[in-house]
Structures are given as structure tokens and as C-alpha cells.
1. How large is the helix-only mean residue ellipticity at 222 nm for the chain, computed as the sum of -39500 (n - 2.57) over DSSP H runs with n ≥ 4, divided by its residue count, in deg cm²/dmol to the nearest 500?
2. Compute the helix-to-body angle for 150-170: its Cα long axis versus the longest principal axis of the chain, expressed 0 to 90° and rounded to tens.
3. What is the spin-label model distance, in nm, from A193 to A77 if the labels are put 7 Å beyond Cα along the C-beta direction?
4. Normalised by the number of residues in the chain, what is the relative contact order in percent for Cα pairs under 8 Å and 6+ residues apart?
5. So how tilted is helix 65-76 from the main axis of the chain? Cα-based, degrees 0 to 90, rounded to 10.
6. Mind checking the angle between helix 14-25 and the chain's longest principal axis? C-alpha axes, 0 to 90 degrees, to the nearest 10.
7. What percent do you get for the relative contact order of the range 120-181 when only Cα pairs under 8 Å and 6+ apart count?
8. Give the long-range amide H neighbours of A55: residues separated by 5 or more places, or on another chain, with amide H under 5 Å away, using H modelled in the peptide plane at 1.01 Å from N.
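Each reported figure results from applying straightforward, stated rules to the coordinates on display, with no laboratory input. All of these numbers come straight from a predicted model, not from anything done at the bench. Neighbour counts run over all protein chains shown; Cβ positions are idealised from the backbone, glycine included.
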Amino acid sequence: MTARRALVTGGGGAIGGAVCRVLARDGLHIVVHGSGRNRRPEEIAQDIRAAGGSAETVYFDVTDEAAAASALTGLLAGGPIQVLVNNAGIHRDVPLAGMSAEQWHSVIRVSLDGFYNVTRPLLVPMLKTRWGRIASLSSLAAVLGNRGQVNYAAAKAGLHGATKSLALECASRGVTVNAVAPGVIDTPETKDAFPPDRIAALVPMKRAGRPEEVAELIGFLASERAGYITGQIISIDGGIA
């Protein structure tokens, strides 16, 4: 059988890379997405191939509708994408009183416009197969709020509404749509913001989560075993919420 194909946006990051490796381990052909400024996706694809998996890369700006459509048309020429992980996201953290328009709009564009620009072109081919999995990376900030992240929390909370609505549209066709909301995860971006003493005070489990733990949850949601789970926002946060 031909392996199902999975696209992971932002696949060059710590969580995105872990998701790519877990899905490849589970037998999917992985399309590792990058923005063009980061060559890390190709390194991850090479690692997957070296481990006996199947992977390729694609580069485009998720905020550019035309560029996304062109790249995705090329991918779809090889068959439908049946697993989509909307992982691309950026931070522009600053209190709202001092937030520039660019800091607001850039975060919204990546998370929400990026969701639309990537998901919509892949949706009909996926629905026609009557099997699919869409998982979007949200954040605990969208559940609880967080100082300095009004833009990020708004963008990710928007994904929650999109997830629940799209799940209703797709349920009868065997396509599930869920979101995962991580808390403090051990990535290069969080090391300065969350020193050990702050993690101990904030997280009941007294540690940061690992990217691989987030990836295993997404791997489950992308599997046959999760076929009756849809429209859910699932936190993975060590007990914070």
C-alpha cells in the first residue's frame, strides 16, 4: 500500500520536527514545510530518510495565499494529503498598550490566515478519500490568557473556533479536526522565558514538557485509533489548566 501523506507546517521547529519524526515512525510519508529562510526542514527530512522513513520538503510562506496555493497544487499532483498538522506560528510578545500594528497582524496572519491558506486547498481532496486528520497547534495562552500575548492568545483562540466548526463540516466524511494546546514545552524559544524556578512554581508536574510528548499526542490524533475524536481542544500542560 502507498503510505498516507502528511504535511507538517513549521516542520523545522522543535515541536514540528518531533511531529515529523513521530508520524514518519508510524509509517506516513512526511512533507516537511519550511518558510524558505530556514534549511532545517531538509535536515529533518534527511534524518527521516536515514532512519528508513519517507520524507520530502516544501517551502512557502503560509501567509501568502498565492504562494501556498501554488506549492500545494504541486503536492496534490502526487495525491491527496490525508494528514495535516498546522504547526506554523510566531511570537511577537509585548503588552497590548505598546503593541504595534505589525506585531498584531503578523501573528494573526501566520496562525489564522496560514490555517486558511493551507487547509482550504487540501480539504476537498482529503474529503474525497473519506479519511483524514487535521490537527492544529494552539497554546495554553488561548485557554487561560497570558500577559504580553494578547495577539498570540487571540490568534490561537481563533483556531479553537475554526477547529470546532470545521470538525462539524467534515465529520460525516471520516475527517477529524482537533487542536492541541501545549503549556510550557522545552524548546529554544522558552528557555529564557521559563527558568527552572518559574517552571517549578507554575507547573504542578514541576517540569517543562518535551516536544516528543506533544508529538506523541498528535501522532495518536493522526492515527486510526482516534477516529471518534473530533472538534476537541486538548491541553498538554503538566496540570496547569
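1. Helix contribution divided over all residues of the chain: -13000 deg cm²/dmol.
2. The two axes meet at around 30 degrees.
3. 3.9
4. After rounding, I find 19 percent.
5. 40
6. The helix 14-25 is inclined about 30 degrees to the chain.
7. Values: 77 pairs, mean separation 28.9, N = 62.
Here the relative contact order equals 47 percent.
8. Correct list: I30.
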